[in-house]
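This report refers to the structure that appears directly beneath it.
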Amino acid sequence: MTTPSAQKAVYLISTFYKFQKDENPEKTQLYLEDLATKTNCRGLIIIGTEGFNATICAKTPETFEAFKQGIREYFKVPDLFFKDSKSDVVPFRRFKVKIRPEIVTLGDTSLVPFGHDTRNNHHLTPTEWNEVMKNEDHVIIDTRNWYETKIGTFKGALNPMTDKFTEFPQYLESKNIPKDKKVLIFCTGGIRCEKGILEVQKQGYKNVYQLYGGILNYLNEYPNDQFEGECFVFDHRVAVDQNMKASEQYKLCPHCGQPGKTEIDCKRCDTHEFICEDCAQIEFKKETCSKNCAHHYELHPERKAPRQIQPFETEEW
Ligand SMILES: [Zn+2]
Ligand SMILES: [Zn+2]
């Protein structure tokens with residue numbers, strides 16, 4: 001029989017954003033830090049004069065709701081769309097607010113979708129999205145970076161292989177897609193496409209559509225349909241699977257930070273780790289659990305060390 005204490009804890013996660021003018025991001029930062037302390041929430045929030053972009057995590061439904069209520073009240077956004085998921089992995093080690101010139105970096109501060117992120121700039125719901133994917137002539141483009149697209153994407157999607165979103169405008173130009181073509185764009189949670197679609201429209205495409213709420217919203221409604229594989233996320237879950245659960249296949253490669261699923265036992269310290277397929281080809285990396293072990297193993301392959309403590313093993317929340 002399983003006792004409640006033997007069950008894994010479930011953490012509540014929410015991803016949300018909005019483009020709206022903020023005259024005083026420093027004040028917003030103080031407010032958010034205070035809110036996180038009071039509600040014991042963790043996560044990462046990017047803020048700036050153009051709005052906020054967040055993923056947060058709570059331990060209880062009460063503190064989860066209290067944090068969201070704090071967001072609704074402070075930013076005056078009673079109808080904000082929170083994309084929720086659950087995880088039995090602690091997704092964040094701390095709470096952090098970063099102030100940036102752009103809350104998602106396209107590199108063009110003139111393209112800000114103020115007033116356009118409330119479903120009024122060619123947003124498709126997951127149902128409408130499926131309709132187009134299955135029945136209409138279209139081109140579909142993944143706006144995410146290469147390491148995100150590697151472990152999962154929509155059927156037939158073009159993959160720009162970008163390192164950064166700032167490379168997307170140039171990629172689109174180079175593709176020479178006919179301007180009257182129906183173009184679908186998507187990203188993880190929808191925010192990149194809010195800016196991305198302005199760029200696509202600027203380049204002369206009128207028949208372009210974005211996936212509302214991104215892959216995360218799509219998987220909530222249509223697991224195992226047009227999206228294949230897992231969806232990369234920017235926290236310690238690494239990715240979510242078709243059922244929005246923290247990935248069981250992938251861990252972040254300790255050498256390079258890409259998703260990895262090659263299991264190894266470290267030659268220096270015997271720690272069991274997952275490394276990525278690229279590092280699995282590289283001498284010293286393919287045999288070790290960390291940058292530290294790779295370095296020492298290269299110098300002294302015969303020396304052993306105690307097992308490396310993973311950051312999460314020692315942390316209380
Ligand atoms: Zn790697
Ligand atoms: Zn090691």
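Numbers at a glance
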{"read-out": "Distance in nm between pseudo-label sites at Phe234 and Glu263 (7 Å out along the Cβ direction from Cα)", "value": "3.1 nm"}
{"read-out": "Segments 302-308, 208-214 sorted - mean Cβ within 10 Å per residue, highest first", "value": "208-214, 302-308"}
{"read-out": "Spatially near lysine pairs across the range 123-233, Cα under 12 Å, sequence gap of 8 or more or different chains", "value": "5"}
{"read-out": "Antiparallel content of DSSP bridges confined to the chain, in %, to 5", "value": "65 percent"}
{"read-out": "Ranked order, Tyr74, Tyr17 - accessible area, probe 1.4 Å, largest first", "value": "Tyr74, Tyr17"}
{"read-out": "DSSP beta bridge pairing in the range 15-128, given as percent antiparallel to the nearest 5", "value": "70 percent"}
{"read-out": "Amide H contacts under 5 Å for Val208, placed H, 5+ residues apart", "value": "Val183"}
{"read-out": "Size of the range 12-105 as Cα extents on the principal axes (Å, biggest first)", "value": "36, 25, 22"}
{"read-out": "The range 91-200: GluC sites (Glu not before Pro) in DSSP coil with no more than 15 other Cβ atoms inside 10 Å", "value": "Glu136"}
{"read-out": "Value of [θ]222 nm, deg cm²/dmol, for the chain, DSSP H segments ≥ 4, -39500 (n - 2.57) each, nearest 500", "value": "-7500 deg cm²/dmol"}
{"read-out": "28 Å tail of the calculated P(r), the chain, as % of Cα pairs", "value": "46 percent"}
{"read-out": "Relative contact order, percent, the chain [alpha-carbon distance under 8 Å, six or more residues apart]", "value": "14 percent"}
{"read-out": "Kirkwood hydrodynamic radius (C-alpha pairs) into Stokes-Einstein, the range 123-233, 4 °C and 1.567 mPa s, D in µm²/s", "value": "94 µm²/s"}
{"read-out": "Calculated over the range 142-181: convex hull of Cα atoms, volume per residue (Å³)", "value": "67 Å³"}
{"read-out": "Surface accessible to a 1.4 Å probe, per residue, for the residues of the chain, Å²", "value": "50 Å²"}
{"read-out": "FRET E, pair Lys8, Gln69, Förster distance 41 Å, beta-carbon r, rounded to 0.05", "value": "0.90"}
{"read-out": "Residues in the range 166-184 that a label on Asn207 would reach, taking backbone N under 12 Å of a point 7 Å out along Cα→Cβ", "value": "178-184"}
{"read-out": "Semi-axes of the equivalent ellipsoid for the range 251-310, Cα gyration tensor, largest first, Å", "value": "17, 12, 9"}
{"read-out": "Alpha-carbon centroid distance for the pair the range 125-198 / the range 30-71, whole angstrom", "value": "29 Å"}
{"read-out": "Kirkwood-based Rg to Rh ratio, the range 62-208, C-alpha trace", "value": "0.98"}
{"read-out": "DSSP-defined beta bridges in the range 123-233 - what % are antiparallel, rounded to 5", "value": "20 percent"}
{"read-out": "Residue-wise HN-Hα coupling along the range 223-235, computed from phi with Karplus coefficients 6.51, -1.76, 1.60 (Hz; x: Gly, Pro)", "value": "x, 6, 10, 8, 8, 10, x, 10, 9, 4, 10, 8, 8"}
{"read-out": "Student exercise, the range 75-169 dipole from Lys, Arg, Asp, Glu Cβ charges, in Debye to nearest 20", "value": "660 debye"}
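The values are calculated or read from the model by the stated rules, or taken from the named source; none is laboratory data. No experiment lies behind these values; they were computed from the predicted model shown. Don't worry about glycine lacking a Cβ; one is built from the backbone with ideal geometry, like all the others, and counts go over all protein chains shown. Protein only, heavy atoms only, side chains kept; ligands, DNA and RNA dropped before computing areas. Shrake-Rupley method; radii C 1.70, N 1.55, O 1.52, S 1.80 Å.
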